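The values are calculated or read from the model by the stated rules, or taken from the named source; none is laboratory data. Bear in mind that the values here come from a model prediction, so they are computed numbers and not experimental data. Heads up, the Cβs are rebuilt from the backbone with ideal geometry, glycines too, and the neighbour counts pull from every protein chain shown. Protein only, heavy atoms only, side chains kept; ligands, DNA and RNA dropped before computing areas. Shrake-Rupley method; radii C 1.70, N 1.55, O 1.52, S 1.80 Å.
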Amino acid sequence: METWSTHELYQEAASSQGDQVAAQLQAYARQLIGRNVAVVFTLGHLARITGVNYRVLHDSVNRKREAANYRMYAVAKRSGGRRFIHSVCADLFRVQQFINQEILQKCQPHPASFAFHPTGGIRKCAAMHCGAKWIFQFDLTDFFYDVTEIDVYRIFHGLGYRPLLAMEFARLCTTTHLPQGLGRLLFHRGKSDMEILEEASDSETERKFMPHPDMSRMMGVLPQGAPTSPMLSGLAARKLDDSLATYAADNGFIYTRYADDITISTSNLASARLVGKIQRNVVRRIRQSGFKENVKKTRVAGPGSKKVVLGLLVDGGAPRLSRETYHRIDRLLHASVKYDLAPTAAHEGFESAYGFYNHIAGLIAFVKDVDQERWKDFFERFKTINPPWGSDNGPKRNDIL
């Protein structure tokens, strides 16, 4: 991130644009510095900071590079169906990494949100529910796709970035390039991005250079696979976290959220007849916050039943992995080394070796948060697998894990 004095900024700006403009730029920079986020003035400034060609960013903002920016592949879900991952092109990935590291990672997540930031983690999240007698679990469907570019715009604007730049950030962090059959998720009710921008813009000059309007009201959504999407999804769910955390506190429950997994637990429930009421109250708050529950993944575990949160057993004093999880990872690593990645991916029902490789990486990263010794063993074995993109191209294993 660039380091410089706002006094130098003032002096340079005053000499070319006058004292009033210089004072405004200095105040803007001070505000962002005070929030410990990167100082970015314009899209051109972002291009210079990241070393990415301005035309690439301009065309991306105006949705002219959607297919070039993202390559999609499918990953089979253990519960059935497929999850689509967006592989980001090198230039845009560099910009998104900058935004994530120098802006989003400086933001404070909700205390009940445990995903995608250094102070969270699966183990910490699951530990909140150890010893509970009742556990209520909910899953949000299309979680990333329910976060639109308007939601993302509000995050950046709320951090102090100017309306136009906030919307440009939002366009760079979202996509309209979705698989066939999911295009309906790009249409959301409410004001369009252009209408919100026009209301919030500071000047006629900003309105003149706004992104091209989209008369269809089609809005970009978070691509799963972009480095910015995890933190943005968590920040966009702040209203949901506030609502459910208040509900839990009012009733003596514990509430946590790890990405799209919601867990509410209690050590005491006056009557089993309250189960349905609790479920209805939670679902209502989920919908009021702009998300949708996955009915098939709503679960209740009462006294005497197996208690699992985020794949970890929480029936004791500390979360722990099940033997089945260890055996599954061991089997996938063994097969991938012995028979190679592509044949094993096909045997496991994956459409691509790329998706399967990332699936194994995700499982191993899951172990890292809970069992360092087993993670070291799994990671060393994982390094012997030839990545599907070759040894000299694509992300490094350490970036994935």
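The figures follow:
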| item | result |
| --- | --- |
| Accessible surface of the stretch 243-390, 1.4 Å probe, proportion on carbon and sulfur as whole % | 50 percent |
| Cβ-based net charge around Val52, under 10 Å, with every Lys or Arg adding one and every Asp or Glu removing one | +2 |
| Among the listed pairs Lys64/Lys292; Lys133/Lys239; Lys239/Lys292, those beyond 19 Å (Cα-Cα) | Lys64/Lys292; Lys133/Lys239 |
| Calculated SAXS-style log₁₀ I(q)/I(0) at q = 0.12, 0.16, 0.21, 0.28 Å⁻¹ - the stretch 246-307, Debye, Cα scatterers | -0.30, -0.55, -0.98, -1.69 |
| Candidates per trypsin sites (Lys or Arg not before Pro) in the stretch 247-339, loop by DSSP, up to 14 other Cβ within 10 Å | Lys306 |
| Accessible-area order (highest first, 1.4 angstrom probe) of the listed residues Tyr339, Tyr357 | Tyr339, Tyr357 |
| Selection from Phe98, Thr42, Gly121, by position along the positive dipole direction of the stretch 30-136 (Cβ) | Gly121 |
| Where labels lie 7 Å past Cα in the beta-carbon direction, separation of Asn281 and Arg48 in nm | 5.5 nm |
| Cut-off 13 Å between beta-carbons: net charge of the residues surrounding Tyr255, Lys and Arg +1, Asp and Glu -1 | -2 |
| Solvent exposure of the stretch 53-181 as accessible area per residue, Å², 1.4 Å probe | 39 Å² |
| Dipole magnitude of the stretch 245-401 about its Cα centre (Cβ charges: Lys, Arg +1; Asp, Glu -1), debye to nearest 20 | 780 debye |
| Cα gyration tensor category, rounded, prolate or oblate, for the stretch 269-401 with a/c compared to 1.5 | prolate |
| Greater than 20 Å apart at Cα, pairs in Lys277/Lys297; Lys124/Lys368; Lys297/Lys376 | Lys297/Lys376 |
